[in-house]
Each structure stands twice: as C-alpha cells, then as structure tokens.
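What follows is a single structure, written as structure tokens, with notes after it.
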2 protein chains.
Amino acid sequence: MSGSLGFAALPGIPLVAPGDDLTALIAEAAETAGLPLAGVLLVCQKVVSKQEGRLVRLADVTPSEQARRLAEPAGKDPRQIEVVLQESRRVVRQGHGVLITETHHGFVCANSGVDLSNAPEDDVAVLLPVDPDDSARRLLAGLRPRAAGPLAVVVTDTFGRPWREGLVDQAIGCAGIAPIDDLRGQADLRGRELAVTTQATVDSLAAAAGLLMRKDAGVPAVLATGVDVVGDGSVRAMLRDPEGDLFR
Amino acid sequence: MSGSLGFAALPGIPLVAPGDDLTALIAEAAETAGLPLAGVLLVCQKVVSKQEGRLVRLADVTPSEQARRLAEPAGKDPRQIEVVLQESRRVVRQGHGVLITETHHGFVCANSGVDLSNAPEDDVAVLLPVDPDDSARRLLAGLRPRAAGPLAVVVTDTFGRPWREGLVDQAIGCAGIAPIDDLRGQADLRGRELAVTTQATVDSLAAAAGLLMRKDAGVPAVLATGVDVVGDGSVRAMLRDPEGDLFR
C-alpha cells in the first residue's frame, strides 16, 4: 500500500438494464472523467445484478406458508419474503421487522441482499448476483484490454452490522486482488510477532467507495488508486467457517 | 460528499509516550508532508491511548477467579484476561481462544480492545481511551487553530467482524462530524422513499484509513479529504439499543 489512496466516482453511468454492456459503460465513464482505468474498480451490486437480469417480478411469486408466517408480524409483502427465503440457505435472526439470512453464497445480511429500491419498476426485486466473484472476473476480463495499468474489480453491497446502526459497504465479489492481506507471522514495530492481523482489504476499499455511491447519488462505480493490486482470490474465502463462528 | 475522496498517511510520527503533545506531533507531520490540515483526521486508538497513559503493567495485575477460569482453556495469561474483564461491562461470547466483550463504552469487540502489540514495553497492555469522543474533541480543539479549513477528528480501532475473517478499522470516537449520514425520508433515483438508509460515515472513513495504518507501517494518522465536514455527534449514538439488537 502506498502512502495515499484516492477514490473517484465514475459519473454518467445510466440506469442499467439486463444485457447492457456494463464493461463499455464503465470504460466510457472513466474516459469521459479523464480517469486512467487502473487500480481497483468498485462496482455496486445493483447495476451488476440488473445487467445480469437478476430481477424477479413479485406478481410472479407465490408465497409459501413460511413466507406468509414471517411476513405478517413484520407487516411485509409475503411475496418479498418468499424471494428472500429462496435466496437464503438459512434464517439467522428475525425481529424488529428485519430478516437476517445467510445467502446461498454464505453472506449473512438483511433480506438475503434482496432490494426493492432503485429497482427498474415497482414490484420488482433485485437479487444478488448468482456468483459475484464471477461477475467481477467477467468485468475485469472485459476491462483489462482497455486498462492503463494493473486493474482489479470488486463488487460491493451495502450491509448492516450487528451492534451498530448505520450501513457500510462491503465486498461480495472480487477479481484480480487478494481479498485479505495476511500479515500473520510478520513483526510489529517492536519486532514482536503480530498474532492476529489479517486485514480485509476489499471490504475496507468497499466501505470508502460506498460514501461516493450513496443511493441518492447515482454513482454505481468508483475507481480506487494507490492500492497494491496484487494477489487474487474469492470473497467467499473470507467467510468464517461455521465451527469458528461465535455468532451463528 | 464530493465526487472524490483522498486519504494521505501522515508520516514521521514517532512512537508516542504518555503526556506527549500529540496535537503538535500531528500538526508537524502534516506540515512536513505538505498536507494542508483540513478534512477528516483519522488517528489510531493506540497513539491516543498511549498519549493518555492508558497503560497497565501486567505485573501490577492480580487475576480474579473468573479471569483464571477464562484464561486456562484459551492458553492465555490470566492477568491479560483480568484487564479485559475490567474494561468490559459483559462477556458477549467466548470460544476459539477469543473473548468477545462489550466495553464500558458499549463497543462489542475482541478483548475489550485491549492490546499488547506495539505496546511500549513487554507485558504492558494498552487500553482503549476512557472516552474516545472526548479524545477526539481535545485533539480537534488543539488542531483547529492550525487548520487550513473545516476539520474533524475520528479515533479509530481495528475490529474483527462476525461471519467474516479479516479486520476492518472502525470509529470509536469522533468530533466535528456527524458519525452517521441519515438519508431516511429522502427519495431514491426513481422517487421512491429510501426505507432504511443511514450511512455510517465515520466507520467508512476509518476502514479506508486503516489500509494506510497497517500495524507494520508505523502510520498512526491519516488525513481524508473530499468529505463533507458537517454535523457533530458521538460515536456512541451509533450503538444499537439492546432492545433492537438481534445479536446480544
């Protein structure tokens, strides 16, 4: 990591529709903004999901008995809850009108990451990409020929946290960069071994990028510079094993 | 928020000792680096705690029966565990050699934020500041006369997260900036009301700053630019009420 980091919004990317050439839209936005395409490109999940057609019309959804049961006390649309359940492998917590689930990918988040805001039309739910690492890999493959230097792609989503109000963006997929920077075994400033120091690089980058992607800003992509674009790996490698997880 | 954010390490701040003039050290580091003192100054907890003398010699600690009981299966020093317990209001989880506690401030983290790495000498534990918001306020008061523009201060610490490996820096204190940006009631891009959108600004800034503060880097302070330095408030206002907390 250098001594400074920069995060620049890629402006002028329109609302994306299924099948749009997101690679071209991003490359053109960077060119228009005069930003060399190098560093870590952070793309919000919503445009990736829309481009991939991960949309469900609620009119086409028949809620299960479980969905009806969960929806009623929360005052939710049971069809929405049905979509959330179909996108999950288990319900982690429920209460206060919130359903915390573990998605098929293994992400623990509200409503399996299913979102209705900024959906292309009313009553359409936007689901997370089936494989966000693969989404990142495909974007990276498309952008590399146009890149001005080492490039990585991170797909981000906005997550809540236990114990703290306020949302922070996290990585749900990445390509061309190690998701975690493992400092274990290295020494601290006084030569003592650092016991547990694995830094979640892609999550830390996603958090700052999220400040430029506020939902009212219409900024679906941010270019981060100053980052060591090294290594590779899946965001899922960062997910804690159930046996090591104290908050199942 | 503007269309870009910058994060610059303030280099050359030495290992800090109790009573050092941290304000002067930071102002001089910024000047040496040619960085105008404006924006959000992020300072890692460790130097703040050391400056405030929040150090405990383990030789002076007599472990309680509870500390001995918790330390043994984890293979830890019971005096360390005693310090962790004294800094906590409750034990949230224990297992896998980790003790997750809620600090007197209300932060849920490993070992009450007590740290041995980069401590001034062996067998000295560094505790979190008694009131990190107050630490930030005092730093801000000292720095404002030297500031080149609107300035805020955020005290950060490195936290683990449930469900995900890898550490991310978070805010534990702030002054001169609203910790959360509340977008509730505003409309999304299609005019639909955003239901739950409160962005944890200071945590998002802390995360990116943490990438420049890696424990082996000797960078205890980072200056963030491009941020709207508006509002004010305590990081503790961001802590979820126990009644709304699904992960007690």
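The values are calculated or read from the model by the stated rules, or taken from the named source; none is laboratory data. Given the structure is predicted, the values throughout are model-derived calculations rather than measurements. FYI the Cβ positions are ideal-geometry reconstructions off the backbone, even for glycines, and counts take in every protein chain you see.
Kindly indicate whether A:Asp188 is under 17 Å from A:Val202 (Cα atoms) and either at pLDDT below 95 or at the interface with another protein chain (Cβ under 8 Å from one of its Cβ atoms) (or both). It is false that A:Asp188 is under 17 Å from A:Val202 (Cα atoms) and either at pLDDT below 95 or at the interface with another protein chain (Cβ under 8 Å from one of its Cβ atoms) (or both). Look at (1) modelled with pLDDT under 95; (2) within 20 Å of A:Ser4 (Cα to Cα); (3) at the interface with chain B (Cβ under 7 Å from one of its Cβ atoms) and you find that A:Ser204 fails only one, number (1). What number of residues in the stretch A:207-239 are more than 7 Å from chain B (Cβ to nearest Cβ) and either surrounded by 22 or more Cβ atoms within 10 Å (Cβ to Cβ) or not acidic (Asp, Glu) (or both)? Within the stretch A:207-239, residues that are more than 7 Å from chain B (Cβ to nearest Cβ) and either surrounded by 22 or more Cβ atoms within 10 Å (Cβ to Cβ) or not acidic (Asp, Glu) (or both) number 20.
Residues that are in contact (Cβ under 8 Å) with a residue 40 or more places away in the chain and in contact with a Gly (Cβ under 6 Å, 6 or more places away or on another chain) within the stretch A:62-111 comprise just one, A:Ala110. A residue that is farther than 17 Å from B:Asp157 by Cα, in the same structural domain as B:Gly210 (by TED's automatic domain parsing) and of a type in the set (A, V, I, L, M, F, W, C) occurs nowhere in the stretch B:96-104.
The single residue among B:Val168, B:Val153, B:Val130 that is away from chain A (no Cβ under 11 Å) and buried (at least 23 other Cβ atoms within 10 Å of the Cβ) turns out to be B:Val153. Residues of the stretch B:1-28 that are part of a helix (DSSP H, G or I) and surrounded by 21 or more Cβ atoms within 10 Å (Cβ to Cβ): B:Leu22, B:Ile26. For the stretch A:166-183, the set of residues classified as part of a strand (DSSP E or B) and hydrophobic (A, V, I, L, M, F, W, C) consists of A:Leu167, A:Val168, A:Ala171, A:Ile172, A:Cys174, A:Ala175, listed by residue number. Taken together, the residues in the stretch B:53-87 that are within 24 Å of B:Pro18 (Cα to Cα) and more than 16 Å from the chain's Cα centre (by Cα) amount to 17.
Which ranges mark the strands (runs of 3 or more DSSP E) fully within the stretch B:41-110 that have 3 or more residues being surrounded by fewer than 19 Cβ atoms within 10 Å (Cβ to Cβ)? Answer list for the stretch B:41-110: B:88-95.
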